[in-house]
1. Provide, in order from the shortest bin, the percent of all Cα-Cα pairs of the chain in each 20 Å bin, continuing until the bin that contains the maximum pair distance.
2. Give the dimensionless ratio obtained when the Cα radius of gyration of segment 196-338 is divided by 2.2 N^0.38 Å.
3. Starting from the Cα-Cα distance between residue 15 and residue 369, subtract it from 0.36 nm times their residue separation and give me the gain in nm to one decimal.
4. Give the relative contact order (percent, whole number) for segment 217-352; include only Cα pairs under 8 Å separated by 6+ residues.
5. Want the number for residue 435 to residue 294: 0.36 nm per residue separation, take away the alpha-carbon distance, what's left?
6. Once the cut-off is 13 Å, how many percent of the Cα-Cα pairs in segment 378-417 end up in the long-distance tail?
7. Mark the label point 7 Å from the Cα of residue 129 along Cα→Cβ and return the residues of segment 186-220 whose backbone N is within less than 15 Å of it.
8. Evaluate 2.2 N^0.38 Å with N set to the residue count of segment 99-170, then give the Cα radius of gyration divided by it.
């Protein structure tokens with residue numbers, strides 16, 4: 001018997017294999033997700049007064065970074081093969097960043113070739129004439145030096161903004177490169193007066209743009225993949241004085257429990273040229289992926305070029321958004337399924353970035369747990385969240401953009417008692433907004449959160465729109481409503497140092 005046939009199932013999957021659909025299957029080693037606790041930014045004269053230092057952005061000394069950099073380069077120089085990928089970040093030719101990736105794993109090279117925008121030979125000559133705007137040095141197969149006082153273990157992801165570099169040690173998870181670069185864009189773009197956003201974006205047949213913000217589990221990917229609209233991108237966008245553009249040339253989607261029936265666009269994008277990460281195969285077929293098997297990790301992923309999605313708009317640019325959606329999954333079951341936000345609420349809820357974990361997902365959790373991530377992507381913000389919230393609100397006001405909160409969570413009771421909002425209802429609400437049906441309807445004011453809730457939406461029962469109507473126990477509803485409002489107030493305390501008081505007073509919930 002040939003040696004490779006004697007290997008165990010788990011050993012085989014840790015090698016690079018072509019799946020039955022043609023995608024390249026790879027294993028990222030021990031790290032199967034980002035390592036935010038190991039992320040560092042060089043603390044120097046450039047950054048000391050500009051970065052939002054704290055739990056999200058931790059410092060590393062210039063010397064500590066130099067040690068990491070030298071260690072990565074020494075390791076790469078020792079390898080028999082090293083790959084250099086040149087690509088572009090952002091579809092807007094006036095705001096492009098040339099990016100160079102240096103790595104030794106072939107799948108890392110292919111991953112970034114798919115996630116960045118592929119330049120033409122002429123663009124290579126022009127954009128890289130004086131070198132790259134930003135360089136990623138990925139020595140992730142080699143551990144960081146634990147004797148380096150600037151690191152806390154074998155994993156280190158360090159960014160040097162003065163040098164425009166990122167250095168990776170001790171992690172082979174491909175997402176570190178993608179998200180590290182995204183964090184850098186969150187630093188450089190606001191300096192140009194451009195708002196960077198962790199959001200998906202699509203465009204209607206008449207050119208109307210919609211932006212969808214939302215944390216994991218809120219339906220951002222599903223709702224942005226609208227068969228009646230063109231997809232600009234699923235994760236990273238910027239808003240300039242001219243309009244919207246996608247930063248990336250590809251998509252990086254979760255594939256846990258993926259099926260052709262539930263998400264046909266993503267399922268059919270998994271073909272030759274795509275990269276699957278940390279998936280397992282079925283026992284019957286060593287090349288057929290079992291998307292339900294999460295023995296390695298629940299964070300199974302696929303990366304593919306944007307044009308693998310039918311209806312993708314290339315180039316991925318558009319005008320100013322007509323509508324912005326904040327997607328929340330409220331497991332308390334008290335927020336309206338659709339509501340309209342005013343100027344101050346736009347800032348407040350953007351800074352809050354709310355969703356919730358549900359009971360039973362972690363040991364000891366018996367009730368919904370409110371989860372907040374500023375600007376719906378706090379882990380990637382080098383600047384204070386109000387920087388981005390202020391820019392968003394100003395652009396919203398200037399371009400008369402409507403901002404909506406869409407609750408894709410629970411109705412008729414909190415998690416464990418009520419039911420999840422029907423996707424068909426959520427789609428009807430968003431369709432009604434896109435078609436202008438909610439422009440002239442009457443609205444009621446929702447107590448405590450002071451939201452404007454439409455009295456009617458075509459195709460949606462009126463009772464669904466007012467959460468209290470769906471609860472049998474009205475007193476219990478009020479208790480849960482107050483409980484959630486208190487969570488919002490408690491969370492916002494950490495942002496108040498640089499956020500005007502009026503944002504809290506006029507945009508947040510009010511408790512008597």
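Coordinate-derived values only; no laboratory data. Note that this is a predicted model, so its numbers are computed, not measured. Backbone-built Cβ (ideal geometry, glycine too); neighbour counts: all protein chains shown.
1. All Cα pairs, binned at 20 Å, distribute as 22, 56, 22, 1 percent.
2. On the way: Rg = 16.3 Å, N = 143, 2.2 N^0.38 = 14.5 Å.
Taking the Cα Rg and dividing by 2.2 N^0.38 Å, one obtains 1.12.
3. Full extension of this stretch gives 123.6 nm more.
4. Once divided by the residue count of segment 217-352, the mean separation gives 29 percent.
5. Working: separation 141, 0.36 × 141 = 50.76 nm, distance 4.03 nm.
Gain on stretching residue 435 to residue 294: 46.7 nm.
6. Of all Cα-Cα pairs in segment 378-417, 69 percent lie more than 13 Å apart.
7. The answer is none, because no backbone nitrogen lies closer than 15 Å to the label point.
8. Compared with the compact-globule rule of thumb, segment 99-170 sits at 1.28.
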